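This report concerns only the one structure given below.
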Amino acid sequence: MNKAELVNAIANASNCTKTLADHMLVALGNITTAELIHGGEVTLPGLGKLAVGDRAARTGRNPQTGAPMDIPAAKVAKFKPLKALKDALN
């Protein structure tokens, strides 16, 4: 599902305009990003939890040359699905 399809689905499910649904979707993204930048976590009811995780530095290989290269440590967004979502999928 792309953004336009998601906006249409939100508009239909909440009985609002597509413009309002688009604004809500953008606001959700902005709020989530801001919260994760400050080290918090965001729970999306019925779906899961987004949190910041640390990825350790490691040595990888350049796929073109095969030469070893250092990959620096990084902070990444991690998604943990809630039990209800896992149960619905299985």
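The values are calculated or read from the model by the stated rules, or taken from the named source; none is laboratory data. These figures come from a predicted structure and were not determined experimentally. In this analysis, Cβ positions are derived from the backbone assuming ideal geometry, glycine residues included, and neighbour counts consider all displayed protein chains.
Miscellaneous remarks
- Spans of strands (runs of 3 or more DSSP E) in segment 20-90 with at least 2 residues within 24 Å of Val7 (Cα to Cα) and not basic (Lys, Arg): 42-44, 48-55, 74-81
- From the list Leu25, Leu47, the lone residue that is surrounded by 11 or more Cβ atoms within 10 Å (Cβ to Cβ), hydrophobic (A, V, I, L, M, F, W, C) and assigned by TED's automatic domain parsing to the domain that holds Leu89 is Leu47.
- Within segment 59-72, the set of residues being within 28 Å of Thr32 (Cα to Cα) and surrounded by 10 or more Cβ atoms within 10 Å (Cβ to Cβ) comprises just one member, Ile71.
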